[in-house]
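One structure is given here, and the rest of the page talks about it.
The values are calculated or read from the model by the stated rules, or taken from the named source; none is laboratory data. Because the structure is predicted, anything quoted here is derived from the model rather than measured. Cβ atoms come from the backbone with ideal geometry, glycine included; neighbour counts cover every protein chain shown.
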Amino acid sequence: MKRMAGIVAVLLATAFPAPASEPERDPQQTERVVQRFEEVAGRLSLTPQQAEQLRALLSGVLSSMKAVRDDYGVGVGNQSRRSRRRMAREIRAIQAHADGRLKLILSNAQIRELKRIRKEWRDEIPSWAALSTR
């Protein structure tokens, strides 16, 4: 469940329009994310209150994660192994905090279902891609 918050954060946040300061997202990617969000919301049977709480939580999580990526210059290609590890630790800390907050928003049954969804998504990732994300 350590990475649950991060996955849900990315899923939900990209389903909403980006602020004007961010570049446009790929329409196909946005459509896929919206479909996944609808799948998750349906399978978790989120109440309107839960959906709103998740939006607020995930907005903060994504802002924090973007700040960390920006601090470490992700995408520039000049990252040392030590820098990447520090960044990964900071990202995991953000995810752990969000995970704790998710436990306050979702019921135990919803958390179990979210774990099942995550496992299904992990199983969809080709083995070569899973290795490159470690």
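Data for the structure
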| quantity | calculated |
| --- | --- |
| Residue match in the range 41-50 (condition: closer than 17 Å to Ile117 by Cα, at pLDDT below 85 and not in a loop (DSSP other than H, G, I, E, B)) | yes |
| Complete set of residues in the range 71-104 that are among the aliphatic types (A, V, I, L, M) and either at pLDDT 90 or above or closer than 30 Å to Thr47 by Cβ (or both) | Met87, Ala88, Ile91, Ala93, Ile94, Ala96, Ala98, Leu102, Leu104 |
| Boolean, Ser107 is among the polar types (S, T, N, Q), modelled with pLDDT of 85 or more, more than 13 Å from the chain's Cα centre (by Cα) and within 21 Å of Arg36 (Cα to Cα) | yes |
| Output for the range 71-104, where each listed residue is of a type in the set (A, V, I, L, M), over 22 Å from Glu38 (Cβ atoms) and within 18 Å of the chain's Cα centre (by Cα) | Val74, Met87, Ala88, Ile91, Ala93, Ile94, Ala96, Leu104 |
| Residue that is surrounded by 12 or more Cβ atoms within 10 Å (Cβ to Cβ), modelled with pLDDT under 85 and in a loop (DSSP other than H, G, I, E, B), where the choices are Arg32, Arg25 | Arg25 |
| Single unsatisfied condition, Val68 versus (1) surrounded by fewer than 17 Cβ atoms within 10 Å (Cβ to Cβ); (2) over 20 Å from Arg36 (Cβ atoms); (3) of a type outside the set (S, T, N, Q); (4) modelled with pLDDT of 85 or more | (1) |
| Pick from the range 110-134, criterion outside any helix (DSSP H, G or I) and not hydrophobic (A, V, I, L, M, F, W, C), ranking: modelled with the highest pLDDT | Pro126 |
